[in-house]
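**Q** Attaching a single structure in structure tokens format; questions to follow.
The values are calculated or read from the model by the stated rules, or taken from the named source; none is laboratory data. Since this is a predicted model, take the numbers as computed values, not measurements. Heads up, the Cβs are rebuilt from the backbone with ideal geometry, glycines too, and the neighbour counts pull from every protein chain shown.
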Amino acid sequence: MRRALLGASLLGVLCLAGACSAPAPRAGMRRLDELPPRFAESWRAWLEQDPAWPEIRAEALSEPALARFLVDNLTRQMMGNYADSRLAPLGDARIGRFERARADLLVMHDYSVPVLVELLAIGNSQVDALVTDLLLAIGRPAIMPLVSLLERKEPNEARMRAARLLGDLPYALADEDAVRAALIRRLAEDSEWLVRSKAASALGERGARDRRTADTREALIRGLDDEDHAVTRSSALALRTLRDPQAIPALIVYLERTVLEGDVISLRAVQRTLRSLSGEPRDMRPRGWRAWWRDHRPAPVHSRTLR
């Protein structure tokens with residue numbers, strides 16, 4: 001249903017990229033001369049690279065219906081022209097439709113982010129790559145819409161993509177507590193192991209940019225007990241990214257378990273994390289790590305400077 005609604009949203013307002021004398025449009029598309037005058041004039045300005053386009057675009061931001069119309073068409077231009085796009089040489093103003101559409105979607109992020117997030121939810125590999133790249137460029141305004149995507153029940157791939165992308169986006173200021181809480185819920189409760197794994201990695205990445213690490217640290221420590229080894233490994237490596245040495249005792253317990261289970265891949269992951277957090281250059285057995293903790297236990301850090 002969500003896929004059908006998005007398709008209708010994009011197709012229902014799209015106009016032909018050619019002149020009004022072009023052949024009859026495909027089903028779901030409308031000719032320029034069939035559009036409201038304001039819509040037609042604005043879109044023609046984009047198509048013809050009218051020098052007044054930046055001013056027209058700025059005015060559209062205060063007209064929601066027009067802005068949504070432009071964003072839908074710009075999105076289609078970006079997706080449809082990717083294969084034919086070229087990277088313009090430095091200083092060359094003759095960039096193609098792909099580059100122009102992407103640049104405009106970046107400027108119009110208040111309206112483009114909801115569309116891009118929906119495309120991320122339903123996208124194939126090419127759509128995923130294009131949308132991810134643009135959402136990363138947009139940055140902070142994309143965070144909370146991605147958190148909403150993270151909370152959806154279906155599809156699993158959408159939550160996985162949202163978690164992965166949240167790990168790469170900047171600190172969310174007043175919204176960071178909500179982002180952290182959502183990722184912690186996915187790590188603890190999601191039925192899909194890949195979502196839990198990506199949530200663990202994202203918690204480590206975001207926690208490394210956070211002032212406080214306690215909640216993230218404890219969530220990742222609980223992740224060491226996940227039923228899936230891929231999730232426990234992701235949690236161990238995320239604790240390395242988090243850079244909080246207070247996780248060392250829990251990691252030693254996890255190390256003991258990996259030794260007993262003969263899980264070589266997880267063993268390497270936890271040893272790597274222990275070396276990083278302790279500053280020790282070599283692997284040790286659990287007994288050696290316990291002795292290190294007894295002799296070198298660092299003081300807790302309650303707050304740190306944001307990176």
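**Q** Is it the case that Pro245 is over 24 Å from Met144 (Cα atoms) and loosely packed, with under 15 Cβ neighbours inside 10 Å?
**A** No: the conditions fail for Pro245.
**Q** Pull up the stretch 27-49, narrow it to residues that are small (Gly, Ala, Ser) and assigned to a loop (DSSP other than H, G, I, E, B), then point me to the one that is farthest from Leu66 (Cα to Cα).
**A** So the residue we want is Ala27.
**Q** With the condition kept exactly as written, say whether any residue in the stretch 146-155 is over 11 Å from the mean Cα position of the chain (by Cα) and in contact (Cβ under 8 Å) with a residue 60 or more places away in the chain.
**A** Taking the stretch 146-155 as the starting set, the residues that turn out to be over 11 Å from the mean Cα position of the chain (by Cα) are 148, 151-155.
Checking the rest, the ones that are also in contact (Cβ under 8 Å) with a residue 60 or more places away in the chain come to none.
The answer is no; no qualifying residue exists.
**Q** Residues to consider are Arg285, Arg294; find the one that is closer than 19 Å to Ala236 by Cβ and at pLDDT 95 or above.
**A** The match here is Arg285.
**Q** For Arg161, are the conditions met, namely being of a type in the set (D, E, K, R), in contact (Cβ under 8 Å) with a residue 40 or more places away in the chain and surrounded by 19 or more Cβ atoms within 10 Å (Cβ to Cβ)? Working first, answer last.
**A** On the way: of a type in the set (D, E, K, R): yes; in contact (Cβ under 8 Å) with a residue 40 or more places away in the chain: yes; surrounded by 19 or more Cβ atoms within 10 Å (Cβ to Cβ): yes.
For Arg161, the condition - of a type in the set (D, E, K, R), in contact (Cβ under 8 Å) with a residue 40 or more places away in the chain and surrounded by 19 or more Cβ atoms within 10 Å (Cβ to Cβ) - is met.
**Q** Just checking, how many residues over the stretch 172-196 are assigned to a loop (DSSP other than H, G, I, E, B) and small (Gly, Ala, Ser)?
**A** 2
**Q** Can you pull out the residues in the stretch 26-47 that are aliphatic (A, V, I, L, M) and modelled with pLDDT of 95 or more?
**A** Listed by number, the residues that qualify are Ala40, Ala45, Leu47.
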